[in-house]
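Report on the structure given below.
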Amino acid sequence: MYVLFGEGGNIGLAVGPDAVFVVDDQFAPLTPKILAAIATITDKPVRFLVNTHWHFDHSGGNENMAKAGALPVVTFNDVLTFHLNGGEITAIHLAAAHTDGDAAIYFRGPNVVHMGDVYVRYGFPFIGLSSGGSLSGMITAVDMMFGIINDSTKIIPGHGKVANRANLRAYRDVLATIHERVRKQAAAGASLDRIIASKPTREFDATWAGFIKADDFVRFAYAGVPHR
């Protein structure tokens, strides 16, 4: 198992006697560099490519990979298992999380999971509201993964360094804390502006606000809770 870091989302790479299996493929212009990097690890061609979701920084190379012989040809609803390289690789649908079409890819033998952008390490996560994502769905998806992984599991996030269960727990706790604060205020009739002014992310801003600003993350949270 390998992780390839680059300009887009993290790439998971499994190399075995049967096939080279790739999770996500970043931006289209990077395909030659990605294939060159894979070639330094193995001389076998890529036979399988799985996307964690549709965003172009994770799937932009699909057309190029198709020309190289790794066209994605299988879709699934909830769970799909590959029996490959002497082990099991399971794709698990995570509904209404980062988008409405996220998947976590779990490699059972090496005990590694790629979670796509349901888990990121750049700070507050982006949530694709226009494509069915929600903060509550992100929390539910992470909770689902806790039923699959263990303390020894290595977690490949959509962006950022490889993590473990404790890192994922800390991430989940931040999301849940902010979600509950926003939910309570919205249920009591507070407006979005009033909730933003209350700074529900206050103790996390110093280390979490970055690519996604604190106020924007509150907007993500507010969009997914009942309010009057």
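Loop-only trypsin sites (Lys or Arg not before Pro) in the range 92-184, please: DSSP not H, G, I, E or B, and at most 13 other Cβ atoms within 10 Å.
Taking the range 92-184 and a limit of 13 other Cβ atoms within 10 Å, the loop trypsin sites (Lys or Arg not before Pro) found are ARG108, LYS161.
For PHE146 and ASP173 in one chain, what is 0.36 nm times their gap in residues minus the Cα-Cα distance, to one decimal in nm?
Length gained, PHE146 through ASP173: 8.4 nm.
Pick out, from SER136, THR177, GLY9, the residue whose Cα sits farthest towards the positive end of the charge dipole of the chain, with +1 on the Cβ of Lys and Arg and -1 on the Cβ of Asp and Glu.
Sorting the options by dipole projection puts first THR177.
Between ASP43 and ASP18, what is the label-to-label distance in nm when each label sits 7 Å out along the Cα-to-Cβ direction?
Here the modelled spin labels are 2.3 nm apart.
For the range 1-136, what does the accessible surface come to per residue with a 1.4 Å probe? Please give it in Å².
Each residue of the range 1-136 exposes 43 Å² on average to a 1.4 Å probe.
Leaving ligands, DNA and RNA out of it, report the carbon-plus-sulfur percent of the accessible area of the range 42-144 at a 1.4 Å probe.
Ligands and nucleic acids excluded, carbon and sulfur reach 55 percent.
Below 8 Å between Cα atoms, with a sequence gap of 6+, how large is the relative contact order for the chain in percent?
Answer for the chain is 15 percent.
Give the shape of the range 123-228 as rounded, prolate or oblate, defined through the alpha-carbon gyration tensor: a ≥ b ≥ c are the square roots of its eigenvalues, a/c under 1.5 means rounded, and otherwise the shape is prolate if a/b is larger than b/c and oblate if not.
prolate
The values are calculated or read from the model by the stated rules, or taken from the named source; none is laboratory data. Everything numeric here is computed off the predicted structure, so don't read it as measured data. For neighbour counting, all protein chains shown are included, and Cβ atoms are generated from backbone atoms with ideal geometry for every residue, glycine included. For the accessible areas, the whole protein counts, side chains as well, though only heavy atoms, and no ligand, DNA or RNA atoms are used. Shrake-Rupley method; radii C 1.70, N 1.55, O 1.52, S 1.80 Å.
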